[in-house]
Amino acid sequence: DNPTMLVMSAILRRHCTSAILLSSAITSLHPRISSLLLPSVSLSVAAASSSFSTSSSCAAFVGSRTRSPSLRNLGPSFHFPSLFHSTNRSKINSLKMSTSPSYKRAKLSHLEPSTKIIGTHSGTFQADEALGVWLLRQLPLYRQSPVVRSRDPAVLEGCDIVIDVGGTYDHTKLRYDHHQRGYEERFSPKTESDGSEVERCTKLSASGLVYRHYGRDVLTEYYPELKGSSELEWVYNKMYNSFMEAIDAIDTGVEPIPPAKDGEEEIQLQYFDSTGLSSRVGRVNPRWNEIDDATNAPPELDARFEIASSMCGDDFLSILTKIVESDLPARSIVEGAVKSRFECDPSGEIICFPSGGLPWKSQIYELEQDYKLSVPVKFVLYTDQAGMWRIQCVSVEGKAFENRLSLPAEWRGVRDEDLSKVAGIEGCTFCHASGFIGGNKNYDGVLEMARVALSKQE
């Protein structure tokens with residue numbers, strides 16, 4: 001087996017992007033290895049990316065299996081769930097060259113500065129216009145454009161584009177204010193877990209209006225590969241949900257907790273968070289009594305605005321990079337696991353990944369909506385970096401610490417042999433005290449942990 005593994009590793013290190021070629025290579029090596037690795041490799045090839053590349057993901061999985069003492073003890077019944085199981089040749093053949101591309105953010109430093117003038121209001125600044133200015137400056141037409149901050153209509157009239165001031169929203173005139181009476185502009189409706197659409201809780205602020213009209217152009221400036229693709233709309237909407245909506249809501253005065261309905265007790269915040277972008281931008285404004293040591297005068301407000309705008313851009317790019325370079329490539333892997341969930345377990349409530357580390361939580365919620373799953377996924381199985389199999393609970397959508405189904409109470413906080421005795425399952429390694437994650441030495445054991453946990457649900 002060891003020479004076979006060496007040959008396998010050598011092949012996997014070659015950057016093979018064809019699912020057919022890679023599948024054939026694995027199949028020709030050894031039937032035992034083929035049945036063990038081919039499903040994982042097929043999923044990895046389907047989602048080849050910088051963060052989860054074909055070679056690295058497959059090599060990691062090979063490594064985890066070779067380190068596991070249970071490799072030689074895996075019986076014929078061992079089954080790694082996958083949409084592209086080695087016995088289903090038609091599905092493998094249909095995959096052909098459908099690999100997910102690797103995304104890398106482009107640099108915009110080559111663009112020449114623009115002479116177009118961006119106008120916004122003077123005085124205290126907020127995150128919405130600071131972010132809106134930054135978004136515009138990412139476009140070739142307004143690259144590094146000078147900003148005029150004024151409330152004088154005559155001054156603003158001379159600007160090429162104006163945001164967050166002027167009392168007018170008119171895309172044809174390049175005027176984007178949201179303070180006027182009768183303004184009701186909102187982003188596209190939000191899709192709920194049951195597939196229904198609901199109106200957004202917030203109106204669009206200045207940055208929201210800029211994002212509505214120019215957001216896709218900004219995204220494709222940094223990721224030209226997205227232009228004309230179906231993924232562009234997914235990234236565009238996810239970016240609004242993950243980042244832009246909160247800026248709009250805070251600027252337009254929407255409370256994070258909805259008002260209580262008739263007969264319901266009003267919910268009170270248990271703590272306040274002042275670490276968000278809007279709060280940080282607010283703190284960049286000069287304090288009422290602040291004096292600059294160098295000038296012995298109050299700080300220059302326009303200079304502070306530039307700091308705030310740059311801060312907004314850093315946060316925007318941080319979220320965007322994660323969405324495009326991590327979430328988007330991972331989506332195909334999670335989608336494959338969701339599609340093949342009944343191969344993992346007849347309940348359809350357990351899914352399995354070839355390895356851990358990829359972002360899967362929000363992906364599961366979205367895919368459940370896309371595929372209209374009647375029974376939600378409860379548990380996710382994957383291997384960690386040490387080769388241990390883990391079981392993790394899927395949380396309730398919108399909740400950080402509430403699970404759809406937690407691991408049994410009697411397992412929580414128990415480890416190793418003691419846990420195996422309590423659970424009646426060999427190979428158990430741990431169960432977290434809160435019951436959201438556990439581990440086992442092998443796949444069969446962790447799958448059994450999931451099945452037992454399912455059997456105990458009310």
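The values are calculated or read from the model by the stated rules, or taken from the named source; none is laboratory data. None of these values were measured; they are calculated from a predicted model. Positions of Cβ are backbone-derived with ideal geometry, glycine not excepted, and every protein chain shown enters the neighbour counts. Areas reflect the complete protein model, heavy atoms only, side chains present, ligands, DNA and RNA absent. Shrake-Rupley method; radii C 1.70, N 1.55, O 1.52, S 1.80 Å.
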Within region 200-220, identify whether any single residue is among the charged types (D, E, K, R), at pLDDT below 95 and not in a helix (DSSP H, G or I), and answer yes or no. no
So if I check each of Ser332, Ser326, Ser340, which one is within 27 Å of Ile364 (Cα to Cα), touching a Cys at 6+ places or on another chain (Cβ under 9 Å) and open to solvent by less than 40 Å² (accessible area, probe 1.4 Å)? Ser340
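Table: residues versus (1) touching a residue at least 24 places away in the same chain (Cβ under 8 Å); (2) open to solvent by less than 100 Å² (accessible area, probe 1.4 Å).
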{"position": "Ile250", "(1), (2)": "yes, no"}
{"position": "Glu255", "(1), (2)": "no, no"}
{"position": "Asp262", "(1), (2)": "no, no"}
{"position": "Ile267", "(1), (2)": "no, no"}
{"position": "Val281", "(1), (2)": "yes, yes"}
{"position": "Asn285", "(1), (2)": "yes, yes"}
{"position": "Pro298", "(1), (2)": "no, yes"}
{"position": "Asp302", "(1), (2)": "yes, yes"}
{"position": "Ile307", "(1), (2)": "no, yes"}
Do we find a residue being open to solvent by 50 Å² or more (accessible area, probe 1.4 Å), within 17 Å of Val165 (Cα to Cα) and in contact with a Ser or Thr (Cβ under 9 Å, 6 or more places away or on another chain) anywhere in region 195-218? yes
Write out, first by first residue and then by second, each pair whose Cβ atoms fall under 7 Å of each other, whose residues are 6+ apart or on separate chains, and whose first residue, in region 231-246, is under 13 Å from Ser188 (Cβ atoms) while the second is among the basic types (Lys, Arg) and open to solvent by 40 Å² or more (accessible area, probe 1.4 Å). Tyr236/Arg216
Within the group Asp315, Asp302, which residue is more than 29 Å from Ile364 (Cβ to Cβ), among the acidic types (Asp, Glu) and assigned to a helix (DSSP H, G or I)? Asp302
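Yes/no matrix, rows are residues, columns are (1) modelled with pLDDT under 95; (2) within 22 Å of Gly348 (Cβ to Cβ); (3) of a type outside the set (Ser, Thr, Tyr):
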site: Leu367; (1), (2), (3): yes, yes, yes
site: Val377; (1), (2), (3): no, yes, yes
site: Gln392; (1), (2), (3): no, yes, yes
site: Leu405; (1), (2), (3): no, yes, yes
site: Asp416; (1), (2), (3): no, no, yes
site: Ala433; (1), (2), (3): no, no, yes
site: Phe436; (1), (2), (3): no, yes, yes
site: Met449; (1), (2), (3): no, yes, yes
Within region 400-458, residues β-branched (Val, Ile, Thr) and in contact (Cβ under 8 Å) with a residue 60 or more places away in the chain come out as Val446
Check every one of the strands (runs of 3 or more DSSP E) wholly within region 109-183 and list those with 3 or more residues that are open to solvent by 10 Å² or more (accessible area, probe 1.4 Å). 147-149
Per the filter on region 222-235, residues open to solvent by 10 Å² or more (accessible area, probe 1.4 Å) and either touching a strand residue (DSSP E or B) at 6+ places or on another chain (Cβ under 7 Å) or not aliphatic (A, V, I, L, M) (or both) are Tyr222, Pro224, Glu225, Lys227, Gly228, Ser229, Ser230, Glu231, Glu233, Trp234
Please work out which one of (1) in contact with a helix residue (DSSP H, G or I) (Cβ under 8 Å, 6 or more places away or on another chain); (2) modelled with pLDDT of 95 or more is the condition Thr383 fails and give its number. (2)
Just to be sure before I move on: is Ser242 assigned to a helix (DSSP H, G or I), of a type outside the set (Asp, Glu) and either touching an Asp or Glu at 6+ places or on another chain (Cβ under 7 Å) or farther than 28 Å from Asp164 by Cβ (or both) in the structure I sent? no
